[in-house]
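First up is the structure itself, then whatever we jot down about it.
The values are calculated or read from the model by the stated rules, or taken from the named source; none is laboratory data. Treat the numbers as computed from the prediction; the structure is a model and nothing was measured. In this analysis, Cβ positions are derived from the backbone assuming ideal geometry, glycine residues included, and neighbour counts consider all displayed protein chains.
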Amino acid sequence: MMDLHTHTVFSDGIGQIYDNIAEAERRMLKLIGISDHIHYFTPGRFSAYISQIERFKKESGITVLAGIEANILADGVDVDDATAERLDYVIASAHVWLEPGRADVYLELIKTALQDERVDVIGHFGNVFPYIGYPGEEELIEVIELAEANGKAFEISSRYKVPELDFVKSCIRRGVKLTLGSDAHMPKEVGRIGWSLKLFRKAGGKEEDLLFSELL
Ligand SMILES: [Zn+2]
Ligand SMILES: [Zn+2]
């Protein structure tokens, strides 16, 4: 299985890149992605990050991918072309504070990211709904249609336990790819994707419904 959302000391995680990979190997994952928060990087640190990941790609017995977690801001996703080109995938997540009752504002942010060609995956979609309120079914379908049109994937997050089952079912029905992620900030959390996997299977997901299934 896969864990495409893990953090290290390159952002707010406490483990080294190799610690995360070692835990993934121990848990017999097939695929691990390192996806540190983009706003921690300087150009120099980003180069060190990429070169470390490249080294472990060669040394590890499992598949290692270089990712990043970018932020969806009011004026767009904070990843540029040069950064995206050096990565295997880009997760875009909305981390901004939102007013209760304004799920529409959140969905607009998500739609912006779905139309950004540098973005591959939407991170922990809907984790803010308990605070800002749940959108209607039609609004959610609109989001999924946009993902379908732009070839984007949604993460099933074991940390936040999102998205909802019906949302994942709709993704699968429309051929929108999914990823599984622990959002680990400690090496021991890497590979804790049990919740995601259970929901994915409950929704009827098969291996080919996952992004990077060709690497599994
Ligand atoms: Zn996040
Ligand atoms: Zn994260």
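Scanning the stretch 80-108 for residues that are within 16 Å of ligand 1 (Cβ to nearest atom) and surrounded by fewer than 21 Cβ atoms within 10 Å (Cβ to Cβ) yields 89, 95, 96, 97, 98.
For the stretch 63-79: of the residues being without any contact (Cβ under 8 Å) to a residue 40 or more places away in the chain and surrounded by fewer than 19 Cβ atoms within 10 Å (Cβ to Cβ), which is nearest to ligand 1 (Cβ to nearest atom)?
The residue in question is 73.
List every residue pair whose Cβ atoms lie under 6 Å apart, where the two residues are 6 or more positions apart in sequence or sit on different chains, the first residue falls within the stretch 195-216 and is within 17 Å of residue 174 (Cβ to Cβ) and surrounded by fewer than 18 Cβ atoms within 10 Å (Cβ to Cβ), and the second residue, located anywhere, is modelled with pLDDT of 95 or more and charged (D, E, K, R). These pairs meet every condition: 213/207. Only a single criterion out of (1) more than 16 Å from ligand 2 (Cβ to nearest atom); (2) charged (D, E, K, R); (3) out of contact with any Lys or Arg (no Cβ under 9 Å at 6 or more places or on another chain) is not satisfied by residue 80, namely (3). With respect to the conditions (1) surrounded by fewer than 21 Cβ atoms within 10 Å (Cβ to Cβ); (2) more than 30 Å from residue 18 (Cα to Cα), residue 147 lacks only one, and its number is (1). Residues considered: 46, 129. Of these, the only one that is away from ligand 1 (no atom under 14 Å from the Cβ), of a type in the set (Phe, Trp, Tyr) and surrounded by fewer than 19 Cβ atoms within 10 Å (Cβ to Cβ) is 129. If we scan the stretch 1-12, do we find a residue that is away from ligand 1 (no atom under 16 Å from the Cβ) and either under 19 Å from residue 194 (Cβ atoms) or assigned to a strand (DSSP E or B) (or both)? Yes, the stretch 1-12 has at least one match.
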